[in-house]
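Report on the following structure.
The values are calculated or read from the model by the stated rules, or taken from the named source; none is laboratory data. These numbers were taken from a predicted model, which means no experiment stands behind them. Glycine also receives a Cβ, built like all others from the backbone with ideal geometry; neighbour counts cover every protein chain displayed.
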Amino acid sequence: MNSKSKPSHQYFADWKGIIYNLAFFLNGLLVFLLVFEERLSIPFWMQSIGRMHPLVLHFPLVVLLLYSIWTLLVGKPESTRWNSDLADTLLLIGTFTAVIAAFSGFVLSKEEGYEADTLFWHKWLGIVISVASIVWYSTGKYLPPWKILSKIIAVSFILLLLIGGHLGGNLTHGEDFLTAPLELSSEPENKISFEEAKVYADLVQPVLKQKCYACHNAEKSKGDLQMQTKELLTKGGKNGALWDTTRADLGLLLARVHLPLDDKKHMPPRGKAQLTDEEIVLLAEWVKGGSSFEQMVSAISPQNPVYNYAQNILGGSRTEESYDFSAADPGKVKELNTTYRLIKPYSAESPALFVNFYNRAAFKSSDISDLAPLKDQIVAMDLSKMPVKDEDLKTIAQFPELRKLLLTFTDIQGRSLSELKKLTKLRELSLSGTAIKLAQVKELESIPSLKKVFIWSTDIQQEELAQLKKSRKIDFETGFRSDTVVLALNPPIIENEEQIISGNTPIKMKHQIPGTVIRYTIDGTEPDSINAPVYDKPILISKNTDLKAKAFKKGWYGSKQVDKTFLKSTYRADSVRLITEPDAKYKAKGGKSLADGVKSSAEPGSGSWLGYRETDFQSYLLFKKPVKASSVTLSMLRNVGGFIFPPVRIEVWGGSDEKSLKLLKTITPQMPDKTTSNVDDLVFEADFAPQEISCIKVIARPLAKLPAWHPGKGQKAWVFVDEVLVN
C-alpha cells in the first residue's frame, strides 16, 4: 500500500469537515442577512431558491427529530444503543440541511401573502433551530447523550421543531392545520335539512373552506385575497373581483380553476386537494346565477346542476314528502319524454314526477295537455320562459297533484288565474316577469294550500306590493323594489352561438325582463342609454364586427356590457400545415384548428387554442385553386394574468406556392399595460391589395420578456391563436 495514500475513514472525516465549515459559513451569512433585513432586496433570480423551502424543510425536521429521540433513549456510557460515528454523521446532516432550509425560508419570507405575526415567529424559530443545531454539533464531544444536559437539549429541540412546524403549517395550510382534525372529530356534525339549506352557506362555502381557505385566510392571504367572510370574498384580491358574469370565463375564480394543473396560476396549487368536476360546476352555476349569499336550495329548478349537487350532499338529511298515489307506468313516462320536455322522478324511490319545458319556439299548448296520462303523478311543472297563455291555465288546473308551478316570464296576463283555485295542493307559484294585476293575484288567497308566490318584476305598483306583503296567509316574494334600493339589470343575451360568419348574418338579442331597452354599438364604442342605437330587429353584419350591448329600463341601473366578436370567413383553406409545433399543453387539433370555422371560448384550457411560447407561431394555409384575397384575420387571445399577450409582430406572406412568397402586411400590436382588461378576444386584420393567392404564410412572434409591472416580469409571454380567416 502506498504510504502517501490516506485511509478511507480520513477522506470521510475530511468531507465532514467541509460540510461543517459550509454550514458554519451559511449560518453566519444567515445571521448577517437577518441583522440587515430591512435594507435587503431579494433579486429576481433568488426567488426560485426561496420556493425550494417546502422541498427541503422536511429533511432536517426528520433527521433532527431522530437524533433528539435517539439521545433521549441512551441511558449509560456503555449502552449498545449508541453508535457515536453514525450519530455524529446524523447530526451533521441535520445541521447542514437545517441551514439550507432556513436560508431558503428566509428568501421566501420576502414574498407577499403571509400573515406577519406568524411569519415572524416561524422565521425566527427556523433560524434559532439552524444556529442551535451547529452549536450542538460543535460541542458534541463535550455533551455525550447520557448526560442530563444532552437530554434537556434534545427535549428543547423536539419542542422547537414541533412549534416551528406547526407555525409553518399555519402559513401554508391555514390556522390550526395540525390540530384541525382533532377539533373536527370532536364536534358533532351539524346536519341541515334540504328545505332549510342555502346555496352559499351549505354548498359553496364548505367547498371554499376545504379547497381555498388554506391559502386565503387571515394568516396567509396569497394575492391579498381572503375568503373567510362574504365581504372579503366579494372584495377580491390585488387582481380584482373573483367573478364577472359578463366575461366568457366568468372571471378570475373560474379562470384559475380551469388552468392546466402544471400552470403555476392554477388554483388550487398543484399538490393541494383539487376541486372535483361537480364542485367546479357548483361554483360556475352559483356565479352565473348571480352569486347570491341568501338563495335557498329549495328555490332552484330541479334541472339546475346545483339542485342535483345539493341532493347528493344534503340528501341524507332531507325530509322526503310521502305521497299517497302509485308510480306511473315507466313506459308512458319514456314515451312522453321529448327533446323539449323532460319528465323525471324526484328520486329513484319516489312516485312523484316533475316536468321541465325547453325551446320557446317549439312550444305549443298540446305539450301540456299531452301529459294528461301522468296527471296523478306530476307534482311540479316548470314552464318558465315558455309562451304560455291564459287559456293554458285551464289545462294546468287539471293536474290535481301539483305542488309547485313556475310560470316565470311567460305570456300570462292573469285573466284566467282563478282557474288555479282547482289545484288544492298547490304550495308554491311563480308569476315573476308576467303582466298580472293586483286584483288577480289577490284571488290566489282563496287557495288554502298556497304558501309562497313570487311576483317580482311585474306591472304591480309598489304601493300595491306593500298591500300584498301584509298578507299573513301567503308569503309574497316581491324582490328588491324600493325608493332607496335600485338594482342593476342583467346583461342582454346575444342569441347567435356561431361567431364565424360567411355573409350577411342576422344577429339576434333578447332580455328576460319585459320592457327592457337594448342598446348596442358595432363601431368599438361603448353603448349608452341616449346615443347608442336601440335594438328592435335583428342586426345584419357582413364583416368582422365587435358587437357591444347593454340593457336599460326606467327604475333600474343599466346592465353591464356584453361583448361578442363575429368574424367573417370567405375562403376556407383546403389544408393547413404548421411550420412550428405548438406547446404540448396547448396543441388543440393541430393545424386543423386554424380553419375549422369554430371560435374558441376565452378559456385557455378549453382545448381549442394553439399556444406558443418558446418559438414563433408559423403556419401555411394552402388552397388547391387560387383565391382572390385582400385580407387575413387572426383570432387570438389576451389573458394578462395567464401570461398570454398579443404578439410583438405579425407577418402575413402570400404567393402562388411556398417558394414564391412575398411580404403582404406587417402588424405591430400594442402591448397591454396595468389598466388593460385581463381577458379579451383579440382580432388582428391584415389588409393588402387584392391578388390571386394559393399559399399564405402567417408568423406571430411572442413577447420575449413580460414587463416590470407584471407578476411574471422577465419571463416569456404566450401567444394563443385559434383561427386564421381569409377574405
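Some points to look at:
- Residue within the range 309-321 that is charged (D, E, K, R), farther than 21 Å from Ser430 by Cβ, at pLDDT below 90 and not assigned by TED's automatic domain parsing to the domain that holds Gly414 present: yes
- The range 679-714 - residue that is at pLDDT below 90 and in a loop (DSSP other than H, G, I, E, B) and, of those, surrounded by the most Cβ atoms within 10 Å (Cβ to Cβ): His710
- Tally of residues being within 30 Å of the chain's Cα centre (by Cα) and of a type in the set (Gly, Ala, Ser) across the range 486-541: 2
- Matching residues in the range 574-594 - criterion: being among the hydrophobic types (A, V, I, L, M, F, W, C) and modelled with pLDDT of 90 or more: Val576, Leu578, Ile579, Leu594
- For Ser630, the stated conditions do not hold, so it cannot be described as in a strand (DSSP E or B), outside the structural domain of Asn544 (by TED's automatic domain parsing) and under 17 Å from Leu594 (Cα atoms).
- Tally, over the range 560-583, of residues that are assigned to a loop (DSSP other than H, G, I, E, B) and either acidic (Asp, Glu) or within 23 Å of the chain's Cα centre (by Cα) (or both): 5
- In summary, helices (runs of 4 or more DSSP H) completely within the range 133-235 and bearing 2 or more residues that are modelled with pLDDT of 75 or more occur at 148-173, 205-211, 230-235.
- Filter result for Lys659 (over 28 Å from Asp263 (Cα atoms), in the same structural domain as Leu578 (by TED's automatic domain parsing) and surrounded by 16 or more Cβ atoms within 10 Å (Cβ to Cβ)): no
This table checks each residue for (1) over 37 Å from the mean Cα position of the chain (by Cα); (2) buried (at least 21 other Cβ atoms within 10 Å of the Cβ); (3) on the phi > 0 side of the Ramachandran plot; (4) among the small types (Gly, Ala, Ser).
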site	(1), (2), (3), (4)
Asp390	yes, no, no, no
Ala397	yes, no, no, yes
Thr410	no, yes, no, no
Arg415	yes, no, no, no
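- Residue that is outside any loop (DSSP other than H, G, I, E, B), at pLDDT 90 or above, touching a helix residue (DSSP H, G or I) at 6+ places or on another chain (Cβ under 9 Å) and of a type in the set (A, V, I, L, M, F, W, C), where the choices are Leu420, Leu402, Leu468, Leu444: Leu420
- Of the helices (runs of 4 or more DSSP H) entirely within the range 1-102, those holding at least 2 residues that are at pLDDT 75 or above and within 16 Å of Lys123 (Cα to Cα) occupy 8-35.
- Condition met for Lys599 (part of a loop (DSSP other than H, G, I, E, B), among the basic types (Lys, Arg) and touching a strand residue (DSSP E or B) at 6+ places or on another chain (Cβ under 7 Å)): yes
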